[in-house]
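Below is one structure, written out as structure tokens; the observations come after it.
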Amino acid sequence: MEFLRPATWDEALAAKAEYPTALPISGGTDVMVEMNFDVHRPSAILDLNRITELTEWTNDGSVVRLGASVPYARIIDELSGPLPGLALAAHTVGSPQIRNRGGVGGNLGGASPAGDAHPALLAAGRDVFVEAASVRGTRMIPIDEFYVGVKRNSLAADELIRAVHIPVADGPQQFSKIGTRNAMVIAVCAFGFALHPKNGTVGTGIGSAAPTPRRAVEAEEYLQGVLAERGLWESGDLLGAEVIQKFGELVKAAASPIDDVRGTADYRRHSLAVMARRTLTWCWNDYSKQIRSAA
Amino acid sequence: MSTRTIQGQKNLQNINQASKDGIGGSPLRPDGNLKVKGEFAYSSDMWHEDMLWGMALRSPHPRANILSVDISEALKVPGVYAVLTHEDIPGSKYYGLEIQDQPALAIDKVRYHGEAIALVAADHPETARRAVKKIKVEYEVLTPIVTEEQCLDPETHGYVHEPHEYKSHGYGNICHEQKLVSGLGVTDEVRALADVIVSGDYEVGMQDQAFLGPESGLAVPAEDGGIDLYIATQWLHVDRQQMAPVLDLPEEKVRLTLAGVGGAFGGREDLSMQIHACLLAQHTGKPVKIVYSRDESFFGHVHRHPAKMHYEHGATRDGKLVFADCRIVLDGGAYASASPAVVGNAASLGHGPYVIPNVKMHAIALYSNNPSCGAMRGFGAVQAAFGYETQMDRLAAALGMDPVELRQLNAMAEGDFMPTGQQIDSPAPVAELLQRVKDMPLPPPLDTEHLDVRQIPGALSNTSHGEGIVRGVGYSVGIKNVGFSEGFDDYSTARVRLEVIGGEPVAMVHTAMAEVGQGGVTVHAQIARTELGVEQVTIHPANTEVGSAGSTSASRQTYMTGGAVKLAAEAVKRALIEKGRRRYGWTHHDITLVGGKVVSESAGPLVSMVDLLGDEAIDLTREHHHRPTVPFDKETGQGFGHVQYTFCANRAVVDVDVELGLVKVVELTAVQDVGKALNPLSVVGQIQGGCTQALGLAVMEEIIVRDGKVRNASFTDYLIPTILDTPPIPVEILELPDPHAPYGLRGVGEAPTVSATPSIVAAIRNATGLALNRIPVRPEHLTTERPGEL
């Protein structure tokens, strides 16, 4: 097995071009576990730990550019203001040791439907982009085009994830995850939700309940319609039980889960509906309070 | 005991002060700091110059005929020193704890997913792993025999072991069975005496011991043709007894030394890699180390028997039990392991700590193509407790009685008889334990105003901000035996040496006791301090140079090996005093050892131990045997079968998110009679640990097996409680001495594991109103698959 340790980003891109099957590693919280279990035996490992820019983030006021290796612990500590949904998701990742090492780049690279960051990224809106780079240049991949199959993403063989671009939250965001114990657990299923008052949209993200992380498109459209038609963005008035109920049902309908050792398909659908209702309620209550206090 | 209550002149008080680190004190574990800091050497940390790494090829099929094994490609891998199959075994090819029915390496067929077929020794673990993959096995895959119905119909589905191969009393696919009848049994006439009858079917999933230190050890070939094995195990001598015939060596040439054990809980009672490492070392002439990976560990040891149980209880209108009719079916998997003894426990303890005039019981263990099951903390009593305690709650509901009062009304006490006919001849404060646990203050209700999400179901997974949460409270009590039963003489041996080192009297305690975390090393030193009046005690490494200490299981080590240390120390004490009498002509009848001196209670200090011992060491070995027991009658289950009984009562308080089916145990209270707490801190730790393992079984721990295949052999998917799942566990200890036991003590480790699970499930029922006849309770059982209201 080749072990490649580029010192700079350009060297890393060159190495990936030369060894397209090389498996990038940063925190190693996913890659090393799979290697220890003998699931993967990559021909080469591309260690990105010397490239310090990957552990940096910037915020220009409207978009956070999050380096691929910024660990979850720092997302919680430093970015829960601009990225509240992602920070809530980061809280649910593994143990403190895992959160000190693992980052969003690894979640995206692995593209597991159970990755905790995905629902929050989807909910953050359609203007989330994965910055993918190769010796051929840089592409901004919209998050909706990123996940293409079970543990498959749309990166080309010579590309590396450099950063993720996520709009700064302009409204409340929430994230909920079901596990069969109260910490250190892979998601049975998860749900991310965000209100985007600036453009009058809402965002959703479903985890662990389909071959890929996915958006509940009909639920989003339904809710956006209700909010617009009833002038609720402006008034901040109560949504009403039937709207919340319907939203939950549409989220549930958007999932296509399976039975596995972690849970049943029925339970996943059921709990998605509950999480959708609850996260919507929490977000709307917060939004409503903001509107009323501003009025 | 004697050193504590010295009477006499006041000026003797200081010199007569017993060590605070004697029995009843709570000195800290000698290995505690090392373990917390990660500096303790576990068996997997061992290294030997020039050593090889061993690895096993395991079957991917639960049932198959092996048509051929081709090792030629594996042997060609550079760095490979040996590839072995059963054909290379020099001695007997079978071993087993109770029945020698398990091949050391598969012979012509495999009977469970993960069964070892061949071994590789190589100069690097990665080399060994690659070589294992190059062994070609041709299988004829057969449909596995996995359900109770399939096992009990061998005509249709076949045999796990051909009947002519049975080395026990098994028949069909039944490995062992025990019947029991007491009183009038359960007949229509007896049923007619009951005003209320409740019945239920209950199911317990397959729990794993989930110890953190994987199976590992180092085998070193010796010049005399023997083998030295450094090993994490629960019983050095029984390992040796099983290993020697396979290695074709006399027992004295198989020398075992205990290596650092990372937890056991019954999972190290059977052999794992012991024979494999020794075979490879014999064959290569080099030291061989084997360390299981985490997934291999799930295949490398036996588990807790999954159980299906049917219970029927009858009572009078005022709540007095009239009869209990029970059938317990345990899935023993492919090989016998400890199944016979587990069946004996289930049958003899399966009615719970209650006086029931008429009992009928039938307990069996099946042979199947599921993973083998054997010893795990609670040993047959755990499964049954879930059945009978659920029944008690049901009966209370049917009678409109308080569930604790119903239990107290029927609780057994000293002088009562077990359904086996054995009279309880030491304290059995079942009703008092229940009263005390009920009287302990309840935790405050959930504070929804100042919510800390870490304290509610889902915790930081952020599934609730208070919505859907309902509190429930449940009670339970359980019974467990201590020590090996049914006529087994599981004696313990201890050697104690007293000598002067560096101007101080020092005691050395040498036993073969496996320290697996239970605290024996702490307690042995405490006993030596108390009996010999010294401060300095050295614990000799456990090995087979001294006689057997029996198994670190059945809550027996403090009782049995602690008892042996007491006997040996008393003998040393007598020898020392006798030496003084001979030298100084003492005639006092009140001589004891305190504070490094030989002291007469009336006349004061006589001589220092240092002066009396001089250069001489007193070195004595003693065996401790518990009182004899007898096997249960096969048909009636009658017999004085158990050494001692132990009881624990629990109260669980849970918060359940009833919409999502998530559970947070808020508090788990335990009250237990321990006879005498030799080390109160360790006793509380054992009870809290036992409760936590019981919590795991209640709400999360299960090896999921489908068609004989293990589906979750990892800590990613086999979940054990984290600190956020583990509630405060207030513990109250009673010390009612058992006159038959050393210091009056009662084994501690298992009783809470038996009793705590049903209290948690009762609390979840209380919160949800659901029947919950299967454990572990999963979120879908509380939501989408509600298997019936109460």
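Output the residues belonging to segment A:161-208 that are of a type in the set (S, T, N, Q), within 14 Å of chain B (Cβ to nearest Cβ) and part of a strand (DSSP E or B).
Passing the criteria: A:Gln173, A:Gln174, A:Ser176.
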Unmet requirement for B:Glu545, which otherwise passes all of (1) closer than 16 Å to B:Val261 by Cβ; (2) open to solvent by 10 Å² or more (accessible area, probe 1.4 Å): (1)
Matching option when the condition is farther than 30 Å from A:Gly200 by Cβ and either without any contact (Cβ under 8 Å) to a residue 12 or more places away in the chain or crowded, with 24+ Cβ neighbours inside 10 Å (or both), among A:Gly137, A:Gly149, A:Gly115: A:Gly137
Candidate set: segment B:148-160, residues that are open to solvent by less than 60 Å² (accessible area, probe 1.4 Å) and in contact with a strand residue (DSSP E or B) (Cβ under 9 Å, 6 or more places away or on another chain); chosen: the one nearest to B:Ile356 (Cα to Cα): B:Glu148
Members of segment A:156-183 that are hydrophobic (A, V, I, L, M, F, W, C), surrounded by 21 or more Cβ atoms within 10 Å (Cβ to Cβ) and more than 15 Å from the chain's Cα centre (by Cα): A:Leu160, A:Ile178
Segment B:452-463 residues that are more than 9 Å from chain A (Cβ to nearest Cβ), paired with ones that are part of a helix (DSSP H, G or I) and open to solvent by less than 10 Å² (accessible area, probe 1.4 Å) (beta carbon under 7 Å, 6 or more apart): B:Val453/B:Ala459
Search result, residues across segment A:252-294 that are free of Cβ contacts under 8 Å to residues at least 24 places away in the same chain and in a loop (DSSP other than H, G, I, E, B): A:Ile258, A:Asp259, A:Val261, A:Thr264
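Condition check ((1) farther than 22 Å from B:Val120 by Cα; (2) assigned by TED's automatic domain parsing to the domain that holds B:Val132; (3) open to solvent by 10 Å² or more (accessible area, probe 1.4 Å); (4) in a helix (DSSP H, G or I)) across all residues:
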site	(1), (2), (3), (4)
B:Thr233	yes, yes, no, no
B:Gln241	yes, yes, yes, yes
B:Glu252	yes, yes, yes, yes
B:Arg255	yes, yes, yes, no
B:Ser272	no, yes, yes, no
B:His276	no, yes, yes, yes
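Condition check ((1) at pLDDT 95 or above; (2) among the small types (Gly, Ala, Ser); (3) out of contact with any helix residue (DSSP H, G or I) (no Cβ under 9 Å at 6 or more places or on another chain); (4) assigned to a loop (DSSP other than H, G, I, E, B)) across all residues:
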| residue | (1), (2), (3), (4) |
| --- | --- |
| B:Leu697 | yes, no, no, no |
| B:Thr716 | no, no, no, yes |
| B:Thr726 | yes, no, no, yes |
| B:Val754 | yes, no, no, no |
Criterion (open to solvent by less than 20 Å² (accessible area, probe 1.4 Å) and at the interface with another protein chain (Cβ under 10 Å from one of its Cβ atoms)) met by exactly one of A:Ala265, A:Ala219: A:Ala265
Residues of segment B:305-320 that turn out to be open to solvent by less than 10 Å² (accessible area, probe 1.4 Å) and either out of contact with any Asp or Glu (no Cβ under 7 Å at 6 or more places or on another chain) or in a strand (DSSP E or B) (or both), as a count: 7
Residue in segment B:730-742 that is touching a helix residue (DSSP H, G or I) at 6+ places or on another chain (Cβ under 7 Å) and without any contact (Cβ under 8 Å) to a residue 60 or more places away in the chain present: no
Pairs, first free of Cβ contacts under 8 Å to residues at least 40 places away in the same chain in segment A:161-172, second in a strand (DSSP E or B) and buried (at least 19 other Cβ atoms within 10 Å of the Cβ), C-beta under 8 Å, six or more apart: A:Asp170/A:His196
Options B:Val630, B:Val610, B:Val572; residue that is touching a residue at least 24 places away in the same chain (Cβ under 8 Å), under 30 Å from B:Leu180 (Cβ atoms) and either in a helix (DSSP H, G or I) or outside the structural domain of B:Val523 (by TED's automatic domain parsing) (or both): B:Val630
Check on B:His625, within 17 Å of the chain's Cα centre (by Cα), more than 10 Å from chain A (Cβ to nearest Cβ) and at negative phi: no
Test: residue in segment B:191-209 that is outside the structural domain of B:His86 (by TED's automatic domain parsing), assigned to a helix (DSSP H, G or I) and open to solvent by 10 Å² or more (accessible area, probe 1.4 Å): yes
B:Val630 being touching a Pro at 6+ places or on another chain (Cβ under 9 Å) and open to solvent by 10 Å² or more (accessible area, probe 1.4 Å): no
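Could you check how many residues of segment B:671-695 are part of a helix (DSSP H, G or I) and open to solvent by less than 10 Å² (accessible area, probe 1.4 Å)?
Residues meeting the conditions: 5.
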Breaking point among (1) crowded, with 24+ Cβ neighbours inside 10 Å; (2) in a loop (DSSP other than H, G, I, E, B); (3) among the aromatic types (Phe, Trp, Tyr), for B:Phe647: (2)
Meets criteria (within 14 Å of another protein chain (Cβ to nearest Cβ), crowded, with 24+ Cβ neighbours inside 10 Å and of a type outside the set (A, V, I, L, M, F, W, C)) for B:Glu750: no
Hits in segment A:245-262 - residues which are open to solvent by 10 Å² or more (accessible area, probe 1.4 Å) and within 12 Å of chain B (Cβ to nearest Cβ): A:Lys252, A:Pro257, A:Asp259, A:Asp260, A:Val261, A:Arg262
Qualifying residues in segment B:772-784 (those that are open to solvent by 10 Å² or more (accessible area, probe 1.4 Å) and assigned to a loop (DSSP other than H, G, I, E, B)) - the one farthest from the other protein chains (Cβ to nearest Cβ): B:Asn773
Test: B:Ala56 is touching a helix residue (DSSP H, G or I) at 6+ places or on another chain (Cβ under 8 Å) and over 27 Å from B:Ile539 (Cβ atoms): yes
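Among the listed residues B:Ser759, B:Ser755, B:Ser714, identify the single one that is within 14 Å of another protein chain (Cβ to nearest Cβ), small (Gly, Ala, Ser), in contact with a Lys or Arg (Cβ under 9 Å, 6 or more places away or on another chain) and at negative phi.
Just one listed residue meets the conditions, B:Ser714.
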Filter result for B:Glu73 (outside any loop (DSSP other than H, G, I, E, B) and without any contact (Cβ under 8 Å) to a residue 60 or more places away in the chain): no
Evaluation of B:Glu149 against (1) part of a strand (DSSP E or B); (2) out of contact with any Pro (no Cβ under 7 Å at 6 or more places or on another chain) (one fails), failing number: (1)
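The values are calculated or read from the model by the stated rules, or taken from the named source; none is laboratory data. Quick caveat, the model's predicted, so the values are computed rather than measured. Methodologically, a virtual Cβ is constructed for each residue, glycine included, from the backbone with ideal geometry; neighbour enumeration extends over all protein chains shown. Please note that ligands, DNA and RNA were not included when accessible areas were found on the heavy atoms of the full protein model with its side chains. Shrake-Rupley method; radii C 1.70, N 1.55, O 1.52, S 1.80 Å.
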